[in-house]
1. For segment 53-148, calculate the relative contact order in percent as a whole number, restricting contacts to Cα pairs under 8 Å that are 6 or more residues apart.
2. Could you run the Debye sum over the Cα atoms of segment 255-386, one equal point scatterer each and no solvent, and tell me log10 of I(q)/I(0) at q = 0.18 Å⁻¹, two decimals?
3. Whose amide H sits under 5 Å from the amide H of V149, counting only residues 5 or more places off or on another chain, with H placed in the peptide plane?
4. What is the sum of charges around S108, taking Lys and Arg as +1, Asp and Glu as -1, for the other residues whose C-beta is under 10 Å from the C-beta of S108?
5. Kindly write out, for segment 155-164 in residue order, the coupling ³J(HN,Hα) from the Karplus curve 6.51 cos²θ - 1.76 cosθ + 1.60 (θ = phi - 60°), rounded to whole Hz, with x marking Gly and Pro.
6. So how strong a dipole does the chain carry about its Cα centre when Lys and Arg Cβ are +1 and Asp and Glu Cβ are -1, to the nearest 20 debye?
7. Percent antiparallel among DSSP beta bridges with both residues in the chain, to the nearest 5?
8. Counting Lys and Arg as +1 and Asp and Glu as -1, each charge on the Cβ, what is the dipole of segment 193-349 about the Cα centre in debye, to the nearest 20?
Amino acid sequence: MNLFDVYPINEITIVKAKGSYVWDDKGEQYLDMYGGHAVISIGHTHPHWVKRIEEQLEKLAFYSNSVRIPIQQQLAQKLGKLSGKEDYQLFLCNSGAEANENALKLASFHTGRKKVVAFTKSFHGRTSLAVAVTDNKNYVAPVNETDNVIFLPFNDTKALKACFAGEGKEIAAVIVEGIQGVGGINVADESFLKAIRTLCDEYGAVYIADSVQCGYGRSGKFFSHDFAGVNADIYTMAKGMGNGFPVAGIIVAPHIKPKHFQLGTTFGGNHLACAAALAVLEIIEEEKLMGNAVMVGKYLRDALEEIPQISNVRRRGLMIGFDVPEELTDLTRNLLWNQKIFTGEAKPNVIRLLPSLALKKRDAEDFIEALKEEIALLTEAEAANA
Ligand SMILES: Cc1ncc(COP(=O)(O)O)c(C=O)c1O
């Protein structure tokens, strides 16, 4: 049997990883400025994370949600403490799409309404509702098409107000990334997030903060939406939550009450996943990784802004994007093959940096040196061809 070929892949086989580095089967070392797609929060194979998972595995890997699972409660407590949302309620699942799917469903149950507001360049996942609120027609199968989703321009408060003025009483939820990831690292304006809060309050809609990529400390705050100084009703989380162990969740404001069987999952919140997620929070706290994300992120921003060939550096913490001109289209590829550095891309011309929150300043410095070298080579080649 062959694999179902849905990804364009780099011909590299990673066999080992540690901190911000990975190694291929030929022993070649790579700096991971991509964090395995924003997933590696505390660093690859962190010893505390490995130990916690191993210890849990030896005791019990899984039992169903039909019994008490105290480690879920421990996780909820720690998450409440680190996120500052101690009075919220945690529901655990397995992936970012599933977290958003559950958040949207819960908003609809809660309000009894059907319409959802989403924004241009959004990405919320590939399951039916999550993909319906994703602004990319290529991902939406005919069966996912729905008239229940209203797309508005991102960061356009005027359009949002006009929409609520017209259809506010039918709107169940507004779903928004605090920093759009797949869309190219676009930071939500604080005034825009505040307006979402105000309008949701006024019209009885649910504010869903998709924190799957921008959450879990990556921005320097636990949730990037927190920069606006207002709370969302539901936060969705995934990528950084397990440092590579598949675990996701939503936290729900206290005024939204649970009802038996409205949400459910077989694997969500299993013992092993909770052990991984707890280890992540323990390390984020102990090693002060949110502070590190601010510090190293600031260094990278300042250094990137001094490189004349790149433009529009935008970021919070260690979620960074910048634009590259046409002649540097090969930059990501050259960084990978010539410098052995993984970075991310967003169409058409954005480079995304999503490294571990434990990225060391000296690794960031190495990255900047390598970046400058590859830009110089591409610029020279362009000049020679002109
Ligand atoms: C903002 C955001 N939401 C949701 C998802 C979907 O997460 P998953 O791939 O775990 O389903 C992603 C994945 O890239 C994302 O970036």
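1. Working: 66 pairs, mean separation 16.8, N = 96.
So the answer I get is 18 percent.
2. Here log10 of I(q) over I(0) equals -0.98.
3. Here V116 satisfy the definition.
4. Details: positive: K105, R113, K114, K115; negative: none.
Residues close to S108 contribute a combined charge of +4.
5. In residue order, the calculated couplings are 6, 9, 5, 4, 5, 5, 4, 5, 5, 5 Hz.
6. Details: 41 positive and 47 negative charges, 294 e Å.
For the chain, the charge dipole is close to 1420 debye.
7. Numbers: 30 of 47 bridges.
Of all bridge pairs located within the chain, approximately 65 percent are antiparallel.
8. On the way: 16 positive and 17 negative charges, 66 e Å.
With only Lys, Arg, Asp and Glu charged at Cβ, the dipole is about 320 debye.
Computed from the coordinates by the stated procedures, all read-outs in this text should not be read as laboratory data. As the structure is a prediction and not an experimental result, all values here were calculated from the model. Positions of Cβ are generated from backbone atoms using ideal geometry, with glycine treated the same way; all protein chains shown enter the neighbour counts.
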